[in-house]
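The values are calculated or read from the model by the stated rules, or taken from the named source; none is laboratory data. It should be emphasised that the depicted structure is a prediction, and the values quoted were computed from it without experimental measurement. Here the Cβ is made from the backbone with ideal geometry for all residues, glycine too, and neighbour counts use every protein chain on show. Surface accessibility is based on the protein's heavy atoms, side chains included, excluding ligands, DNA and RNA. Shrake-Rupley method; radii C 1.70, N 1.55, O 1.52, S 1.80 Å.
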Amino acid sequence: MMSGYLSLLSDIWRSPNGRIGLVLVIAILLFAIFGPVLAVNPNKIAVQDRFQAPSFEHLLGTDNLGRDLFSRTAQGTRAALMISLMVVALSLLIGALVGVAAGMAGGWVDRGVTAFFDIISAYPAVILAMGLMALYGTGFANLLLVVTILFIPQFGRMARAQTLSLRHQPFIDAERIIGLPRARLIWRHFLPNVLGPLIVLASMNIPVVITIEAGLSFVGLGVQPPQASLGSLIKDGYTFLNQSWWPTIASAVTLALATLGSTLFGEALRDATDPKLKGHGR
(Lines give C-alpha, C1' and ligand atoms only; values in the text may rest on other atoms or scores of the structure.)
Protein backbone atom coordinates (compact mmCIF):
# COMPACT_ATOMS: atom_id res chain seq x y z
CA MET A 1 0.00 0.00 0.00
CA MET A 2 2.84 2.41 0.87
CA SER A 3 4.52 1.71 -2.47
CA GLY A 4 1.25 2.57 -4.22
CA TYR A 5 1.08 5.95 -2.46
CA LEU A 6 4.73 6.66 -3.29
CA SER A 7 4.10 5.76 -6.93
CA LEU A 8 1.11 8.11 -7.00
CA LEU A 9 3.14 10.95 -5.48
CA SER A 10 5.89 10.24 -8.03
CA ASP A 11 3.36 10.57 -10.88
CA ILE A 12 2.11 13.85 -9.42
CA TRP A 13 5.65 15.16 -8.98
CA ARG A 14 6.55 14.41 -12.61
CA SER A 15 3.82 16.79 -13.74
CA PRO A 16 4.93 20.46 -13.71
CA ASN A 17 1.55 21.59 -12.42
CA GLY A 18 1.50 18.78 -9.89
CA ARG A 19 4.95 19.78 -8.65
CA ILE A 20 3.87 23.38 -8.13
CA GLY A 21 0.61 22.30 -6.51
CA LEU A 22 2.30 19.86 -4.14
CA VAL A 23 4.86 22.44 -3.02
CA LEU A 24 2.16 25.07 -2.46
CA VAL A 25 -0.10 22.64 -0.58
CA ILE A 26 2.73 21.58 1.72
CA ALA A 27 3.73 25.22 2.31
CA ILE A 28 0.15 26.26 3.13
CA LEU A 29 -0.29 23.26 5.45
CA LEU A 30 2.94 24.08 7.30
CA PHE A 31 1.89 27.73 7.57
CA ALA A 32 -1.56 26.78 8.92
CA ILE A 33 -0.18 24.23 11.41
CA PHE A 34 2.90 26.00 12.75
CA GLY A 35 2.12 29.66 12.01
CA PRO A 36 -0.26 30.19 14.97
CA VAL A 37 2.15 28.30 17.26
CA LEU A 38 5.19 30.40 16.35
CA ALA A 39 3.38 33.75 16.11
CA VAL A 40 2.11 36.13 18.78
CA ASN A 41 -1.49 36.34 20.00
CA PRO A 42 -3.54 37.10 16.84
CA ASN A 43 -6.14 39.04 18.86
CA LYS A 44 -3.69 41.26 20.77
CA ILE A 45 -4.61 44.90 20.10
CA ALA A 46 -1.90 47.55 19.96
CA VAL A 47 -3.48 50.64 18.42
CA GLN A 48 -0.19 52.54 18.54
CA ASP A 49 1.24 49.99 16.06
CA ARG A 50 -1.62 50.13 13.56
CA PHE A 51 -0.93 49.87 9.82
CA GLN A 52 2.75 49.04 10.17
CA ALA A 53 4.61 47.72 7.15
CA PRO A 54 6.28 44.29 7.30
CA SER A 55 9.26 44.16 9.67
CA PHE A 56 11.18 41.66 11.78
CA GLU A 57 8.69 42.25 14.60
CA HIS A 58 5.60 41.93 12.36
CA LEU A 59 6.49 39.83 9.31
CA LEU A 60 3.34 40.80 7.39
CA GLY A 61 2.67 44.13 9.09
CA THR A 62 -0.29 45.05 11.29
CA ASP A 63 -3.98 45.82 10.74
CA ASN A 64 -6.18 48.75 11.75
CA LEU A 65 -6.06 47.70 15.43
CA GLY A 66 -2.36 46.96 15.48
CA ARG A 67 -2.86 43.20 15.47
CA ASP A 68 -0.11 41.10 13.94
CA LEU A 69 -1.12 40.13 10.40
CA PHE A 70 1.18 37.09 10.25
CA SER A 71 -0.63 35.62 13.27
CA ARG A 72 -4.08 36.47 11.97
CA THR A 73 -3.37 35.23 8.45
CA ALA A 74 -2.04 31.95 9.85
CA GLN A 75 -5.14 31.61 12.04
CA GLY A 76 -7.40 32.37 9.07
CA THR A 77 -5.56 29.83 6.90
CA ARG A 78 -5.96 27.17 9.57
CA ALA A 79 -9.69 27.91 9.82
CA ALA A 80 -10.11 27.75 6.02
CA LEU A 81 -8.28 24.42 5.73
CA MET A 82 -10.08 22.90 8.72
CA ILE A 83 -13.51 23.88 7.40
CA SER A 84 -12.74 22.76 3.84
CA LEU A 85 -11.39 19.37 4.93
CA MET A 86 -14.33 18.75 7.26
CA VAL A 87 -16.87 19.79 4.61
CA VAL A 88 -15.28 17.61 1.93
CA ALA A 89 -14.98 14.61 4.27
CA LEU A 90 -18.59 14.86 5.45
CA SER A 91 -20.06 15.46 1.99
CA LEU A 92 -17.99 12.61 0.56
CA LEU A 93 -19.15 10.20 3.28
CA ILE A 94 -22.82 11.17 3.10
CA GLY A 95 -22.84 11.44 -0.69
CA ALA A 96 -21.16 8.05 -1.09
CA LEU A 97 -23.65 6.31 1.21
CA VAL A 98 -26.70 8.01 -0.29
CA GLY A 99 -25.53 7.57 -3.89
CA VAL A 100 -24.67 3.88 -3.46
CA ALA A 101 -27.96 3.22 -1.66
CA ALA A 102 -29.94 4.98 -4.41
CA GLY A 103 -28.12 3.11 -7.17
CA MET A 104 -28.68 -0.20 -5.42
CA ALA A 105 -32.33 0.41 -4.57
CA GLY A 106 -33.48 1.86 -7.90
CA GLY A 107 -37.15 2.71 -8.46
CA TRP A 108 -38.77 5.52 -6.49
CA VAL A 109 -35.88 5.72 -4.03
CA ASP A 110 -33.44 6.43 -6.84
CA ARG A 111 -35.79 8.96 -8.43
CA GLY A 112 -36.36 10.74 -5.11
CA VAL A 113 -32.65 11.00 -4.33
CA THR A 114 -31.90 12.22 -7.87
CA ALA A 115 -34.64 14.85 -7.56
CA PHE A 116 -33.12 16.06 -4.27
CA PHE A 117 -29.71 16.34 -5.91
CA ASP A 118 -31.25 18.28 -8.82
CA ILE A 119 -32.99 20.74 -6.48
CA ILE A 120 -29.79 21.51 -4.54
CA SER A 121 -27.70 21.77 -7.71
CA ALA A 122 -30.21 24.09 -9.40
CA TYR A 123 -29.18 27.03 -7.19
CA PRO A 124 -25.84 28.84 -7.44
CA ALA A 125 -23.76 27.53 -4.52
CA VAL A 126 -22.80 30.89 -3.01
CA ILE A 127 -26.33 32.36 -3.29
CA LEU A 128 -27.88 29.28 -1.67
CA ALA A 129 -25.25 29.29 1.09
CA MET A 130 -25.88 32.98 1.81
CA GLY A 131 -29.62 32.41 1.95
CA LEU A 132 -29.37 29.45 4.32
CA MET A 133 -26.84 31.21 6.57
CA ALA A 134 -29.07 34.30 6.71
CA LEU A 135 -32.04 32.08 7.57
CA TYR A 136 -30.47 29.83 10.22
CA GLY A 137 -27.84 32.20 11.58
CA THR A 138 -24.07 32.33 11.65
CA GLY A 139 -21.72 30.08 13.59
CA PHE A 140 -19.26 27.30 12.91
CA ALA A 141 -21.83 24.49 13.10
CA ASN A 142 -24.26 26.19 10.71
CA LEU A 143 -21.44 27.07 8.31
CA LEU A 144 -20.26 23.47 8.29
CA LEU A 145 -23.79 22.12 7.78
CA VAL A 146 -24.76 24.53 5.01
CA VAL A 147 -21.61 24.12 2.92
CA THR A 148 -21.71 20.33 3.36
CA ILE A 149 -25.26 20.23 2.00
CA LEU A 150 -24.09 22.13 -1.09
CA PHE A 151 -21.49 19.48 -1.97
CA ILE A 152 -23.39 16.28 -1.17
CA PRO A 153 -25.05 16.13 -4.64
CA GLN A 154 -21.68 16.11 -6.45
CA PHE A 155 -20.41 13.11 -4.51
CA GLY A 156 -23.82 11.45 -4.52
CA ARG A 157 -24.17 11.66 -8.30
CA MET A 158 -20.74 10.16 -8.87
CA ALA A 159 -21.33 7.39 -6.33
CA ARG A 160 -24.68 6.59 -7.93
CA ALA A 161 -23.16 6.50 -11.44
CA GLN A 162 -20.36 4.20 -10.29
CA THR A 163 -22.89 1.94 -8.54
CA LEU A 164 -25.07 1.66 -11.63
CA SER A 165 -22.02 0.68 -13.71
CA LEU A 166 -21.08 -2.03 -11.20
CA ARG A 167 -24.55 -3.26 -10.40
CA HIS A 168 -24.73 -5.96 -13.09
CA GLN A 169 -21.08 -6.93 -13.29
CA PRO A 170 -20.54 -10.72 -13.29
CA PHE A 171 -18.73 -10.78 -9.96
CA ILE A 172 -21.61 -8.86 -8.33
CA ASP A 173 -24.14 -11.34 -9.76
CA ALA A 174 -22.00 -14.20 -8.46
CA GLU A 175 -22.01 -12.72 -4.95
CA ARG A 176 -25.78 -12.34 -5.10
CA ILE A 177 -26.21 -15.97 -6.20
CA ILE A 178 -24.23 -17.30 -3.22
CA GLY A 179 -26.46 -15.25 -0.94
CA LEU A 180 -24.19 -12.42 0.22
CA PRO A 181 -26.34 -9.89 2.17
CA ARG A 182 -26.85 -6.53 0.51
CA ALA A 183 -25.14 -4.63 3.34
CA ARG A 184 -21.99 -6.75 3.02
CA LEU A 185 -22.18 -6.48 -0.77
CA ILE A 186 -22.16 -2.68 -0.50
CA TRP A 187 -19.36 -2.67 2.07
CA ARG A 188 -17.15 -5.24 0.33
CA HIS A 189 -17.54 -4.29 -3.34
CA PHE A 190 -19.42 -1.07 -4.03
CA LEU A 191 -17.85 1.36 -1.56
CA PRO A 192 -14.22 0.35 -2.31
CA ASN A 193 -14.81 0.76 -6.06
CA VAL A 194 -16.62 4.08 -5.58
CA LEU A 195 -14.15 5.74 -3.18
CA GLY A 196 -11.30 6.16 -5.69
CA PRO A 197 -13.07 8.61 -8.03
CA LEU A 198 -14.68 10.34 -5.04
CA ILE A 199 -11.30 11.06 -3.44
CA VAL A 200 -10.12 12.68 -6.67
CA LEU A 201 -13.32 14.76 -6.76
CA ALA A 202 -12.74 15.70 -3.11
CA SER A 203 -9.25 17.01 -3.85
CA MET A 204 -10.65 19.20 -6.63
CA ASN A 205 -13.46 20.54 -4.41
CA ILE A 206 -11.19 21.71 -1.59
CA PRO A 207 -10.29 25.03 -3.31
CA VAL A 208 -13.97 25.62 -4.08
CA VAL A 209 -14.90 25.18 -0.41
CA ILE A 210 -12.06 27.51 0.65
CA THR A 211 -13.37 30.16 -1.74
CA ILE A 212 -16.99 29.79 -0.57
CA GLU A 213 -15.94 30.02 3.09
CA ALA A 214 -13.90 33.15 2.35
CA GLY A 215 -16.82 34.68 0.46
CA LEU A 216 -19.26 34.02 3.30
CA SER A 217 -16.81 35.44 5.85
CA PHE A 218 -16.29 38.50 3.63
CA VAL A 219 -20.00 39.39 3.89
CA GLY A 220 -20.14 38.53 7.61
CA LEU A 221 -21.91 35.17 7.35
CA GLY A 222 -18.93 32.87 7.88
CA VAL A 223 -16.32 32.72 10.62
CA GLN A 224 -17.19 35.31 13.26
CA PRO A 225 -14.84 37.75 15.06
CA PRO A 226 -12.57 37.67 16.93
CA GLN A 227 -11.66 34.46 15.06
CA ALA A 228 -9.75 35.40 11.92
CA SER A 229 -10.76 34.26 8.45
CA LEU A 230 -9.13 34.98 5.12
CA GLY A 231 -12.41 36.45 3.90
CA SER A 232 -12.87 38.74 6.90
CA LEU A 233 -9.22 39.79 6.71
CA ILE A 234 -9.69 40.79 3.08
CA LYS A 235 -12.81 42.73 4.02
CA ASP A 236 -11.05 44.57 6.87
CA GLY A 237 -8.13 45.36 4.60
CA TYR A 238 -10.43 46.63 1.87
CA THR A 239 -12.19 48.92 4.35
CA PHE A 240 -8.90 50.66 5.20
CA LEU A 241 -7.26 50.31 1.81
CA ASN A 242 -6.68 54.07 1.55
CA GLN A 243 -4.53 53.95 4.72
CA SER A 244 -2.57 50.72 4.16
CA TRP A 245 -2.65 47.96 1.57
CA TRP A 246 -0.64 45.40 3.58
CA PRO A 247 -3.69 43.81 5.29
CA THR A 248 -5.37 43.14 1.95
CA ILE A 249 -2.20 41.87 0.28
CA ALA A 250 -1.33 39.44 3.10
CA SER A 251 -4.73 37.70 3.18
CA ALA A 252 -5.49 37.89 -0.56
CA VAL A 253 -2.13 36.39 -1.58
CA THR A 254 -2.51 33.60 0.98
CA LEU A 255 -6.02 32.82 -0.29
CA ALA A 256 -4.79 32.85 -3.91
CA LEU A 257 -1.88 30.51 -3.12
CA ALA A 258 -4.10 28.13 -1.14
CA THR A 259 -6.68 27.83 -3.93
CA LEU A 260 -4.06 27.68 -6.69
CA GLY A 261 -2.04 24.97 -4.93
CA SER A 262 -5.00 22.77 -4.12
CA THR A 263 -6.41 23.21 -7.66
CA LEU A 264 -3.16 22.22 -9.34
CA PHE A 265 -2.69 19.31 -6.94
CA GLY A 266 -6.25 18.08 -7.55
CA GLU A 267 -5.82 18.22 -11.33
CA ALA A 268 -2.50 16.37 -11.11
CA LEU A 269 -4.09 13.73 -8.88
CA ARG A 270 -6.90 13.31 -11.40
CA ASP A 271 -4.40 12.88 -14.25
CA ALA A 272 -2.31 10.41 -12.22
CA THR A 273 -5.27 8.19 -11.38
CA ASP A 274 -7.01 8.25 -14.78
CA PRO A 275 -5.26 6.11 -17.43
CA LYS A 276 -6.90 8.14 -20.21
CA LEU A 277 -5.40 11.37 -18.88
CA LYS A 278 -1.99 10.12 -17.75
CA GLY A 279 0.81 12.00 -19.31
CA HIS A 280 -1.27 14.89 -20.65
CA GLY A 281 0.00 17.28 -17.99
CA ARG A 282 3.68 16.45 -18.52
Inset, instruction - Rank Trp246, Val126, Ala272 by how far each Cα sits towards the positive end of the charge dipole of the chain (+1 on Lys, Arg Cβ; -1 on Asp, Glu Cβ) and give me just the farthest. - result: Ala272
Inset, instruction - Stick to Cα atoms and the Kirkwood definition of Rh, then tell me Rg/Rh for region 1-115. - result: 1.22
Inset, instruction - Note down the relative contact order for region 198-265 as a percent, whole number, built from C-alpha pairs under 8 angstrom at least six residues apart. - result: 35 percent
Inset, instruction - Summarise the accessible area of the chain (1.4 Å probe, protein heavy atoms) by the percent that is carbon and sulfur. - result: 69 percent
Inset, instruction - Note down, for region 1-53, the three equivalent ellipsoid semi-axes (square root of 5 times each alpha carbon gyration tensor eigenvalue), biggest first, whole angstrom. - result: 38, 14, 5
Legend entry - Percent RCO, i.e. relative contact order, over the chain, from Cα pairs under 8 Å lying at least 6 residues apart: 28 percent
Inset, instruction - Could you estimate the translational diffusion coefficient of region 84-190 from the Stokes-Einstein equation, with Rh from the Kirkwood formula over C-alpha pairs, at 20 °C and 1.002 mPa s, in whole µm²/s? - result: 142 µm²/s
Inset, instruction - Just add up the charged neighbours of Gly66: K/R +1, D/E -1, any other residue whose Cβ is under 14 Å from the Cβ of Gly66. - result: -1
Inset, instruction - Hydropathy first: keep DSSP H helices in the chain averaging at least 0.0 on Kyte-Doolittle, then drop any whose Cα extent along the axis falls short of 20 Å, and list what survives. - result: 16-38, 69-105, 107-122, 140-166, 191-218, 246-273
Legend entry - For the chain, convex hull of alpha carbons as volume per residue, Å³: 156 Å³
Inset, instruction - Determine the calculated [θ] at 222 nm for the chain from helices alone, applying -39500 (n - 2.57) to every DSSP H run no shorter than 4 residues and normalising by the residue count; nearest 500 deg cm²/dmol. - result: -25000 deg cm²/dmol
Legend entry - Per-pair calculated FRET efficiency, R0 = 35 Å: Asn142 and Ser7 via Cβ, rounded to 0.05: 0.25
